[in-house]
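What follows draws every value from the coordinates through simple rules; no lab data is involved. Everything numeric here is computed off the predicted structure, so don't read it as measured data. Cβ atoms come from the backbone with ideal geometry, glycine included; neighbour counts cover every protein chain shown.
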Amino acid sequence: MEQPEGGAAVVTGGASGIGLGIARAAAGEGMHVVIADIEKGPGTEAAAAIAATGARSLFVRTNVMDPDSVEALADLAFSEFGRVDLLCNNAGVHHPGLFSETSRQDWRWLLGVNLDGVVHGLLAFLPRMREQGGESHIVNTSSLAGLAPLPGGAAYTTSKFAVTGLTEVLRRELAPHGIGVSLLCPGPVNTRIGSSGRNRRSALGDDGEDSGETVDSNAQADVEAVTTRGMDPDLVGRLVMAGVRANDRYILPHPEWREAIEARAARLLLGFDRAEEMLSSL
């Protein structure tokens, strides 16, 4: 999408962190912005701050785990702006823990936000984005944990690998329709994802009041310590908008992680080497 100016962008998880960084960057390039988030106060403040810069901006309280909530977001966005040129399925949560330490409710929450949230966004917006014609773009937020496994984060890593696969398939499917698709895989960014459990009850509803929740306070503290030292989310937002303009397949803000990704790729290729050796000896 070469000319984002004048278009409309919808960003889930847009009240803070990477989502807010993307929203600010989109507004800075002349786009109208819809901030969707489960947190009403921060979302309202974020939209007002962006509007104060001269961009059209509004906030819609959205629970991405709830398909009806995401459909209502799409209805409002298309009603307000007539079209959506950039959809960023960015809302995400984190829960540190080994598989053996992760409850069913932990899995429900992580997959519900990180994976179902992306699927719900696509189901609500994509048919209308195809019908509207012209260029448009989708950015799905995975993680470096969606390219290389994150030790001690079984549910989080699973959710992010799923988003990676979904996004790579979508890119092939949507290219003939003029819809670009990019996969955003951030590493440590200065966000509040380490304390995302603050929104767990709201996301799960009445039956989610701490039932089955397992929290390793030391692991959570480690995540919070790493993220607070991470990249500025506004810089991530600018990298995302550059990737959108260029229709990049992958947006990878952390080049220092190249070796880790290369090491995983080498381990995958070793599996082929082993099979080739065995088959050649038969």
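Here are the numbers for this structure:
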{"quantity": "Karplus-derived HN-Hα couplings along the range 22-38 (A = 6.51, B = -1.76, C = 1.60, θ = phi - 60°), whole Hz, x at Gly and Pro", "calculated": "5, 4, 5, 5, 5, 5, x, 9, x, 8, 7, 10, 10, 9, 10, 6, 7"}
{"quantity": "Which labelled figure in (1) 44, 28, 13; (2) 25, 24, 17; (3) 30, 24, 18 is semi-axes √(5λ) of the Cα gyration tensor in Å, once derived from the coordinates", "calculated": "(3)"}
{"quantity": "Summed residue charge, Cβ within 12 Å of G21's Cβ, Lys/Arg positive, Asp/Glu negative", "calculated": "0"}
{"quantity": "Inter-label distance, nm, simple model (7 Å from Cα along the C-beta direction), R130/E256", "calculated": "4.2 nm"}
{"quantity": "Inter-probe distance in nm under a simple model that places probes 7 Å from Cα toward Cβ, at A48 and E5", "calculated": "3.0 nm"}
{"quantity": "Sum of -39500 (n - 2.57) over DSSP H runs of 4+, divided by residues of the chain (222 nm, nearest 500)", "calculated": "-16500 deg cm²/dmol"}
{"quantity": "More than 19 Å apart - percent of Cα-Cα pairs taken over the range 1-139", "calculated": "48 percent"}
